[in-house]
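Peer 1: Got a structure here, written out as structure tokens. Questions coming.
The values are calculated or read from the model by the stated rules, or taken from the named source; none is laboratory data. The model shown is predicted, which means the values in this text are computed figures rather than measured ones. Reconstructed Cβ throughout: ideal geometry from the backbone, glycine too, with neighbour counts over all protein chains shown.
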Amino acid sequence: MSDHTPASESPGSDVPYGQDALGQDRAHSARLYDYFLGGKTNYTVDRDAARDLMRILPAIETAARVNRAYMHRAVRYAARQGVRQFLDLGTGFPHSPNLHEVAQAVAADCRVVYADTDPIVLVYADELLDSRPEGRTRVMTADVTRPEELLATVAEEDVFDLGRPVAVSLHAVLHLVPDAEQPHDAVGRLVDQLAPGSYLSLSHCTGGLSPATWRAVTEVCARHGIVAQPRSRSQIRRFFSGLQLVEPGLVPAHRWRPEAGSGPGLLNSEQVCLYAGMARKT
Ligand SMILES: C[S@@+](CC[C@H](N)C(=O)[O-])C[C@H]1O[C@@H](n2cnc3c(N)ncnc32)[C@H](O)[C@@H]1O
């Protein structure tokens, strides 16, 4: 378990929102994830939920860091393929290196749109706007289940040329969207609008490797007000329908093009419980 610096009880006390608007009545996925990454943007409700989850799945903090390390490798990969436009959907709170820092380290002119459905995430987005002058970043609210609205806003903001390839990241977000909201359909509609040469990268929790544990995880999440829907490998694979998976395909996240020094070592797939993969639109 990592050593967490005690988090402030009121990380948003300097912003013009009342307590209810900050959502301190229940745990939020972005703040829970922030806690697992050792961040300070979380409240007592989030830390209570995090500790309940860690009792069932002690490796959950490690899985969060594996997920982040996967993002770094996937973004570097897309930038090295020549992609210069990145859309990060379900951004969460900043944790350096953020996606634009990784992309702009490969090519300074990369442009990045960060989007999240949780307005609290946007309150803390300053670091995400710290683009290299050659590139550009934007932050916006958007819901993965409404890709048409998202792309209309992206076009309005004039950050991207949607006629050119975009690398879309859906990292650790789709397991927060239940089947009732038809996430497969939404991702398909999003990909349909992208230019050939675009990439879709996603990471997604799975219950397939440890079903009893994940039944307990989803129950604890529900008790704390978070909808979680882990999916099987084949259900996750369906998000890539019509796309060409990049080698090594959809694999436990720490096995996707591992690099020395990228993320925690000495893991097995049951601990990680997270599939990751990237595919290209031809
Ligand atoms: C676990 S965090 C992942 C952060 C980041 N993508 C990463 O992998 O490091 C999940 C984020 O997805 C956001 N989210 C949840 N449902 C969403 C939706 N329907 N549309 C967009 N974002 C969503 C949450 O607010 C949260 O910030």
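Peer 1: Here is a check on your reading of the model: is Gly92 buried (at least 17 other Cβ atoms within 10 Å of the Cβ), part of a loop (DSSP other than H, G, I, E, B) and not aliphatic (A, V, I, L, M)? Please lay out each step first, then the result.
Peer 2: Working: buried (at least 17 other Cβ atoms within 10 Å of the Cβ): yes; part of a loop (DSSP other than H, G, I, E, B): yes; not aliphatic (A, V, I, L, M): yes.
When the stated conditions are applied, Gly92 passes them.
Peer 1: Quick check, is Thr44 β-branched (Val, Ile, Thr) and surrounded by 24 or more Cβ atoms within 10 Å (Cβ to Cβ)?
Peer 2: no
Peer 1: Please find, among Tyr77, Tyr70, the residue that is part of a helix (DSSP H, G or I) and surrounded by fewer than 20 Cβ atoms within 10 Å (Cβ to Cβ).
Peer 2: The conditions single out Tyr77.
Peer 1: Run down Arg80, Arg68 and say which single residue is within 10 Å of the ligand (Cβ to nearest atom) and at negative phi.
Peer 2: Matching residue, one of Arg80, Arg68: Arg68.
Peer 1: Then there is this: I'd like the full set of residues that are part of a loop (DSSP other than H, G, I, E, B), farther than 17 Å from Leu170 by Cβ, at pLDDT 95 or above and touching a Phe, Trp or Tyr at 6+ places or on another chain (Cβ under 9 Å), limited to region 97-146.
Peer 2: The answer is Cys110, and nothing else.
Peer 1: I've got another one for you. Any idea which of (1) within 21 Å of Leu122 (Cβ to Cβ); (2) modelled with pLDDT under 95 is the one Asp3 doesn't satisfy?
Peer 2: Result: Asp3 passes all but (1).
Peer 1: Show the residue pairs that are 6+ apart or on different chains and have beta-carbon atoms under 8 Å apart, the first residue being within region 240-252 and over 17 Å from Val75 (Cβ atoms) and touching a residue at least 12 places away in the same chain (Cβ under 8 Å), the second being surrounded by 11 or more Cβ atoms within 10 Å (Cβ to Cβ) and of a type in the set (Ser, Thr, Tyr).
Peer 2: Leu250/Tyr275; Val251/Tyr275; Pro252/Ser269; Pro252/Tyr275
Peer 1: A further question follows. Quick one: what pairs do we get from region 45-64, first residue free of Cβ contacts under 8 Å to residues at least 24 places away in the same chain and within 14 Å of the ligand (Cβ to nearest atom), second part of a helix (DSSP H, G or I) and of a type outside the set (Asp, Glu), C-beta under 6 Å, 6+ apart or different chains?
Peer 2: Pairs found: Asp46/Arg31; Asp46/Leu32; Asp46/Tyr35; Ala50/Leu32; Ala50/Tyr35.
Peer 1: Anything in region 205-224 that is out of contact with any Gly (no Cβ under 9 Å at 6 or more places or on another chain) and touching a residue at least 40 places away in the same chain (Cβ under 8 Å)? List them, or say none.
Peer 2: Cys205, Thr206, Gly207, Leu209, Ser210, Ala216, Val220, Cys221, Arg223, His224
Peer 1: Does Val102 satisfy the criteria of being crowded, with 18+ Cβ neighbours inside 10 Å, within 11 Å of the ligand (Cβ to nearest atom) and either farther than 24 Å from Ala260 by Cα or not aromatic (Phe, Trp, Tyr) (or both)?
Peer 2: no
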